[in-house]
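One structure is given here, and the rest of the page talks about it.
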Amino acid sequence: MDELRYWVGFNLVQGIGPMRLKALLAAFGDIRSAWEAPESALRAVGLERRARRNLLRVRHSEDLDVHLRRIEQAGAYALTWDDPAYPALLRQLPDAPPILYVRGEITPADEWGVALVGTRKATVYGREVAHRLGRDLAQHNVTVVSGLARGIDGVSHRAALEAGGRTIAVLGSGVDVIYPAEHRRLAEDIVQHGAVVSSYAMGTPPEAANFPPRNRIISGLSLGVVVIEAGLRSGALITADFAADYGREVFAVPGSILSPSSQGSNRLLRDGAAVVTEVRDILETLHLDQLAEKQLAREVLPANATEAALWEQLQAEPRHVDALARAVKLPVGVVNSTLVMMELKGMVRQVAPLQYVRAR
């Protein structure tokens, strides 16, 4: 809790995002030292003038204990880069948010998440597709990730809950400010069977500028993003762009060429997005068709020294099997067979032939 206050504090400072905070941590060694560093030291490590001023202003004007109490009063908690429970898929991003506020629970099962996104002005067709995909993904133990917005998002969350599955809602406001207001009951249901999350401090209103970063988190929490129905200016396309940038799979549902609500999703298909006509298209592309077996294997197959050694060597950057074998000083055959077992357990992912990254 003592260090958490400084993570919360930095999150209040405009002009200090993930990259600058990483630089400050590298320069000062820990979050508290970075927070308490004098202006001369901040200047010496290259923190630009406006960010320095903002940091000093927040230091002197904000009572961090008040902010910690607001988190607790909202029934929320905060996860930081230093927390082992910080979502593994999100942690892989170069610009992952330093702090994530959560109501509900993020579990290891949520590492198998798929985003369903689309227009707020969904047609009957779009709503039916969102309901079917949300339901079918949940029935296959896949966590449905979306943004709690009207239209496609809300239908997707509700369908996952009705199927008895898990779902995560990412907000463009504080987790204590539910937007739109008519989704407050839905948000409470999600808290009981998933999580409502945000990178924004308690009390943050749902301003327009907050939603593109929200979309970045949606894509970061997901193995793939499915655009169900989207116009040419839809925020869902921003989510798809982030997913492509992060190396996540982009899917789109084909729609009528006469419908403005499908112009964006149809354009994604033209540009190479994977086609979705049923849930199997998603499951097979993301190798989630054997998810139940993977989850069972994680529970019943014990870790060993070889797994531990390979786990230490793997991060978000892909590493070739040969390089891993040299690093752990084991035969390539042993490393290969161990990696196959680790992939079955959902610990690692093969992102290219013989190249692996941590999956969580």
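FYI, it's all coordinate maths here, none of it is from the lab. Just so you know, these numbers come straight off a predicted model, no measurement behind them. So basically every Cβ, Gly included, is an ideal-geometry build from the backbone, and we count neighbours across all protein chains shown.
Points to keep in mind about this one:
- Spatial offset of segment 63-106 relative to segment 332-348 amounts to 31 Å, using the alpha carbon center of each.
- Karplus-based coupling profile of segment 114-128, in residue order and whole Hz: 10, 8, 10, 9, x, 5, 6, 9, 5, 7, 4, 4, x, 5, 5, with θ = phi - 60° in 6.51 cos²θ - 1.76 cosθ + 1.60 and x standing for Gly or Pro.
- Counting 0.36 nm for each residue step from E284 to V45 and taking away their Cα separation leaves a gain of 81.2 nm.
- Between L258 and A23, the contour length at 0.36 nm per residue exceeds the alpha carbon distance by 79.6 nm.
- Partner aspartates and glutamates whose Cα lies under 19 Å from the Cα of K329, excluding those fewer than 8 positions away in the same chain, are identified as E307, E312.
- Legend: calculated FRET efficiency, Q315 to L354, from the Cβ-Cβ distance at R0 = 25 Å, rounded to 0.05, equals 0.90.
- Pairs of Cα atoms nearer than 8 Å and 6+ residues apart set the relative contact order; for segment 1-73 it is 43 percent.
- Estimated FRET transfer efficiency when R0 is 22 angstrom, pair R5-A85 (beta carbons, to 0.05): 0.75
- Segment 179-252 and segment 23-57 have Cα centres separated by 31 Å.
- Averaging the sequence gap over all C-alpha pairs within less than 8 Å and six or more residues apart, then dividing by the number of residues, gives the chain a relative contact order of 13 percent.
- Fully extended contour minus Cα-Cα distance, from A327 to A308, at 0.36 nm per residue: 5.6 nm
- Note, ³J(HN,Hα) from phi for segment 152-166, Karplus 6.51, -1.76, 1.60, rounded to Hz, x at Gly and Pro: 4, 4, x, 4, 5, 4, 5, 5, 5, 5, 5, 7, x, x, 9
- Simple label model, 7 Å out from Cα along Cβ direction - A208 to E36, nm: 4.3 nm
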